[in-house]
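Presented below is the structure to which this report refers.
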Amino acid sequence: MYYTDKKLQFPVTVEKPNPVFARALQQAIGGVEGEIRVALQYFFQAWGCRGPAKYRDLLLNTATEEIGHIEMLATAVALNLEGAPLSLQEDVSADAVGGSVLNGMNFRHILSTGLAALPENCNGVPFNASHVYASGNLAADMMANVTAEGSGRVLATRLYNMTDDPGMKDMLSFLIARDTMHQQQWLAAIEDMGGLAASLPVPNSFPQAEEQQDVSYAFVNCFVDGVAPAEGRWSEGASIDGRGQFSLVPGKPTGGEPMLAPPRPDSGAQNEQMMDGMGELGT
């Protein structure tokens, strides 16, 4: 069960409404880097979490906080839309935020919500959960969470640099700080599980003796013959998990050319396709 006290986690104020910035803020709500994404990701990871309860508690607390961040951003969108024009005729008048429709305001903020936020990105694409990752493997999920918070923090800093409104900068500064903490806590959870090296490879429960270990730590060069890639930490030296040595190997095929059976006569293919890969008539 979830509760609310109706209060924002952090004050949200707008000195000068900006309907175009309201559109930009939609990315932080319903974009792939946004708060709906991370809230659902952490909730579904928590609801399916097996193992020590402390990891479930960590995920649930953070997921619930992210709902508060959606609330803050939705409030910011609504405040930035106050006084926005509701018609093209009004838009070309002397209104304080005149020109917003013609200069990039989201029409759905007028037509669908009456000057309020939407569960979509800045281009009007509805959120569809395609970037919600909950694998059931704690290490994999925590690494995905670090990435989610990293891309979210990148977005928040870009939004911060897009506005000169003091209230919006304060709110975004708070959200950036929370992203800092969330990156740290997911990494701390990996450390709590024994550290990155102990967690690799994910899943570490699969016996490596059953994988083809001759390529377990080989960086494959897929450039054309004679072109070598720039070498880095990933191409030589000890592997991150300490169980092998990185190497640079040429990309060479070890399998043959794939040959598929001819199509079935009742599959709707052409007569000319009724031969196998060697040009022989199929049976």
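Descriptive notes on the structure:
- Search result, residues across the stretch 24-38 that are under 19 Å from A140 (Cβ atoms) and either surrounded by 20 or more Cβ atoms within 10 Å (Cβ to Cβ) or in contact with a strand residue (DSSP E or B) (Cβ under 9 Å, 6 or more places away or on another chain) (or both): R37, V38
- Among the residues of the stretch 198-232, the one identified as assigned to a helix (DSSP H, G or I) and within 24 Å of the chain's Cα centre (by Cα) is S199.
- Taken together, the residues in the stretch 102-124 that are in contact (Cβ under 8 Å) with a residue 60 or more places away in the chain and touching a strand residue (DSSP E or B) at 6+ places or on another chain (Cβ under 9 Å) amount to 4.
- Condition broken by K16, with the remaining ones in (1) touching a His at 6+ places or on another chain (Cβ under 6 Å); (2) more than 14 Å from L155 (Cβ to Cβ) satisfied: (1)
- When the criteria are applied in full, A117 meets the requirement of being part of a loop (DSSP other than H, G, I, E, B) and surrounded by 20 or more Cβ atoms within 10 Å (Cβ to Cβ).
- Only one entry of A74, A84, A63 meets the criterion of being under 19 Å from E15 (Cβ atoms), modelled with pLDDT of 85 or more, out of contact with any strand residue (DSSP E or B) (no Cβ under 8 Å at 6 or more places or on another chain) and buried (at least 19 other Cβ atoms within 10 Å of the Cβ), and that entry is A74.
- Test: residue in the stretch 33-52 that is in contact with a Gly (Cβ under 6 Å, 6 or more places away or on another chain), of a type in the set (D, E) and within 23 Å of G124 (Cα to Cα): yes
- Filter pass, R56 being part of a loop (DSSP other than H, G, I, E, B), closer than 24 Å to Y2 by Cα and modelled with pLDDT of 95 or more: no
- Within the stretch 151-168, the set of residues being out of contact with any Leu (no Cβ under 9 Å at 6 or more places or on another chain) and either surrounded by 15 or more Cβ atoms within 10 Å (Cβ to Cβ) or within 18 Å of R50 (Cα to Cα) (or both) comprises S151, L155, M162, D165.
- Scan of the stretch 266-283 for residues that are surrounded by 10 or more Cβ atoms within 10 Å (Cβ to Cβ) and modelled with pLDDT under 90, ordered by number: Q273, M274, M275, D276, G277, G282
The values are calculated or read from the model by the stated rules, or taken from the named source; none is laboratory data. In this text, all values refer to a predicted model and were calculated from it rather than measured experimentally. Note that we place each Cβ from the backbone using ideal geometry, even for glycine, and neighbour counts take in every protein chain shown.
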